[in-house]
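Quick note: the coordinates plus some simple rules give every number you see, no bench work behind them. Note that this is a predicted model, so its numbers are computed, not measured. When we count neighbours, we look across all protein chains shown, and the Cβ atoms used for this are built from the backbone with ideal geometry, even at glycine.
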């Protein structure tokens, strides 16, 4: 709560919270209500201009663009949450390996991560898409894997510092298990880095969704998502340039908000830079 | 970066390189900045300069590769097509892209077909058919040559067809009724003898089975092509372009009017439209009807025209499927589909089609009245079958991604109203081939059957439709054995009507290809141009 | 030395791992190239004959061994569908993709580094905010959308100011260098602006860290102006870190590049790969994926080695893992 309040106090934080809050809200609302039913197509009014019935016009099937974008926010939210969870879990697992007391494991994992990190997400997605076809799984696994590696690499110094600290030593000496110590003492120390990296990952996941969906290996057809809206309107950009504006704009704003969110959250959640946390 | 280089360039001069480096950067600091700014300014200046120069270039013809001399025809015409061939091996590789660009341009058949899908002379100048329909004698033209200089003789013709049958090249099965092909070099004739009469033989020979290859030439058929047509392949870039040059040794009356025709494959619809707009191509076939608006409204510079074709968007219901074997379900779907709306959403050029035979094929009859759009009737049929909007029937539609996602979304929406929960599965074409075509593992499939004379699909119970109707099979066999065209057409029409009534599929529409070209282009075929595109007549005068 | 040897061994092991993964992934696919070649209306016997002809019926281990042995000899196999050697196929496509990446990177560096420096130098709050916001937005634009906006603005035929061709590569390829470069400008700008924005942020934060460490102040105490200190001393010190970032960016750029190639209809590696996967041209796809993965592993290797060479502090450390701790 204190964290949120101090975030809200900064104008950047306000922006990020408003955008992300709106995103959550719209995703929730779209579960119950969209201006037009998602399935309502109208072949006689395709690519219609914005009107009272269709605030953002219609797409190539005559379906309401706004409704699809609203429903899309749900899919994107799902993708982002899953990706962040995957990346976080995978990343922490790698961190655990890297600060392990077995030096062979620690050394090997450092080097393996260094090698794997140079494989681009899209390549992984392409390989995954070969057996799986276009699916949300492809996005989540490919992005989660790549971002997890990144996370591990960035979080390692802080984790290592904590792992060699006296309190971890004493915890271990007192008979605490390795995993317990890791979760209780080391993870909290990497939290600031973790939060920033995860919110950056969230932003990148939104971007990756649009790219992969355009390439035909992301969200399958018929499932609303921002990438889907962008990709379908791309085909008609020459004749109906307006429709392409909205999904791109939404993605850009949300990604900015996610990136800002990470920065602000770090400052707000770090007792060193946020005096309010120390007071409580 | 650049200050680093600057420092390095001089570093030999003094001994104290670190001091030197600092001294350098001190002077370089601002300059480095200036350099960047100047760079940007120069870039902008170049851009503006080029932009100013552009109108002049435009006045000269826009396309730098188009050489023009006072209103005469251009030496080069660039044509934008959509589906690219992956290689040039027309004997082994399927796909109408190869037929489109090679037949009639590079390779010639024993006979050819015109824009109305009728058989016309080509390598053979005339032919006779025996009374019983079992023997065809083709009289060949004289003094024919291949592009490599070899003479084209009756021997080559017979060899080509025999090789096709022997090696089972693509489409070989359509000549399964052929008993023998014999050449008579003295009389300059080729005789084809059949086991059973076949009213489709001549038409079949206008396609791949009738193509004539050079018996004596050896070349890599995947990247080269040696034929007898008005053009030769000068350059082939897989998935990208083919450059055709007039064949200087061409023997016949279809002499190329334009020296070089470049065929550019533009898979992306926007790319295609941009290319036509910017003058990179002069013709675009096909252009998505919905994207043609800027050209239709600019009739001063462009012409847009839809041509007739044999493309049938066949939405097949697996006749042996778990739920689709129920005729009521199949009929309900046919009543539920609003064809007029589908066609309108695509721009309105396509034609409604009520049965398996399109207007350019023998046996055509307007069958659109059999299943008019009638939601109430569809609902009643579904009710009878035990489904409603509250208790919907789950079906999966599988189709290839090349047809776009819109059709699936629209069908899902239309079928939802009558109590069908349609799951749309858009896959790679190869996956469709495997799952639907080969394994017949599907509920509903959608594919553009662009072949002509392809009614046999409905008479073959092993085809992926799983459609098995003995009466249809009997009628089709009779039609094939018919010795007069009228008799054949009548039998086919009868069979087609039975098929349509059985509702093993819905024919969404007869896709008509829209072609757009810059005014000044003439001689570009509009009908059937996705499978048959003779280019010899094409010219471009600005 | 130990580090280098270990790094190289790892590189080789990773290559082997990638080759197995790629091969295995492609065999789970439904559909095969033989049925694509045979197409509609072909009897099953024909598909079978084609499969036999291309050796698709052999046991997987034999197929893998065959392919891997070819890789070792530098022979990437022959595309079943096009009949061309995969090496020449990739070479032709790379001749478009790599210039595009390099041009994009140049644009990114031209935008990112100066702006990053300017952002560090900026005194007024307004200017700082402006740089900050520009960086944030630039990095948040989806490549697809960025490309579309540039097309709407600058493409010949469709744009407000018709300047550049937006579709395809000239037929003559690099034989017409002017046209070739011209057709790469919009795509390179798209890639460059997006990457440039994140490069700007990295430059700024790297310079900020260095300034925080007091080295800039020290240089200023030696008589430099702030601008001189930042560009001269700061950038030099930030170099190893920036090289690392650029190297990694290089790998991440390929996502954008694939989208951009498709959008601008450039027959490069990215768009080629998407087509080949669709056609189930297994030999081509597996070799292409392997080549790409190998390339990025190589970039990673080079960046690591370069980073060490540029940062003398790392070289003196006995083990790379000790340094960060």
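Before moving on, here are some points about what is shown:
- Among A:55, B:458, sorting on how many other beta-carbon atoms sit within 10 Å of each Cβ, with the fewest leading, yields A:55, B:458.
- Tail fraction, Cα-Cα pairs, chain C, threshold 28 Å, whole percent: 55
- Rounded FRET efficiency, nearest 0.05, which uses the C-beta distance separating residue C:123 from residue B:325 and R0 of 60 Å: 0.15
- Ordered by the count of other Cβ atoms within 10 Å of each Cβ, fewest first, C:222, A:143 give C:222, A:143.
- Considering only beta bridges that DSSP places wholly inside chain B, some 75 percent are antiparallel.
- Between the helical axis of A:187-214 and the longest alpha-carbon principal axis of chain A there is an angle of about 30 degrees.
- Gaussian network model of chain C, Cα within-10 Å springs - most flexible of C:291, C:224, C:239: C:224
- Of all beta bridges that DSSP places with both ends in the protein assembly as shown, some 70 percent have antiparallel geometry.
- Crossing angle, helix B:17-60 versus chain B [Cα axis fit, 0-90 degrees, rounded to tens]: 50
- Computed label-point distance, nm, for sites residue B:423 and residue B:167 using a 7 Å Cα→Cβ extension: 4.4
- Separation between Cα centres of the range C:59-85 and the range A:226-248, rounded to whole Å: 41
- Look at where the Cα atoms of the range C:150-210 and of the range A:1-37 average out, and the two centres are 35 Å apart.
- Sorting C:98, B:429 from the fewest to the most surrounding beta carbons within 10 angstrom yields C:98, B:429.
- Per-pair calculated FRET efficiency, R0 = 56 Å: residue B:237 and residue A:51 via Cβ, rounded to 0.05: 0.80
- Spatial separation of Cα centroids for the range C:220-245 and the range B:489-527, in angstrom: 70
- Selected from A:161, A:92, A:191 as most flexible by GNM, with chain A as the system and alpha-carbon contacts under 10 Å: A:161
- Dividing the mean sequence gap of close Cα pairs (under 8 Å, 6+ apart) by how many residues chain C holds gives a relative contact order of 25 percent.
- Chain B: angle of helix B:406-416 to the longest principal axis, Cα-based, in degrees nearest 10: 50
- Helix-only mean residue ellipticity at 222 nm for the protein assembly as shown, each DSSP H run of n ≥ 4 adding -39500 (n - 2.57), per residue, nearest 500: -17500 deg cm²/dmol
- Efficiency of FRET between residue C:69 and residue C:21 - r from beta-carbon atoms, R0 22 angstrom, step 0.05: 0.75
- Here the contact order of the range A:107-241, divided by its residue count and restricted to Cα pairs under 8 Å and six or more residues apart, works out to 27 percent.
- Site pair residue B:259 and residue A:176 shows an inter-label distance of 8.5 nm when each label is modelled 7 Å from Cα along Cα→Cβ.
- Percentage relative contact order, chain A, counting C-alpha pairs under 8 Å, at least six apart: 24
- Computed over the protein assembly as shown, the alpha-carbon pair-distance distribution with 10 angstrom bins reads 2, 9, 17, 21, 20, 14, 9, 5, 3, 1, 0, each value a whole percent.
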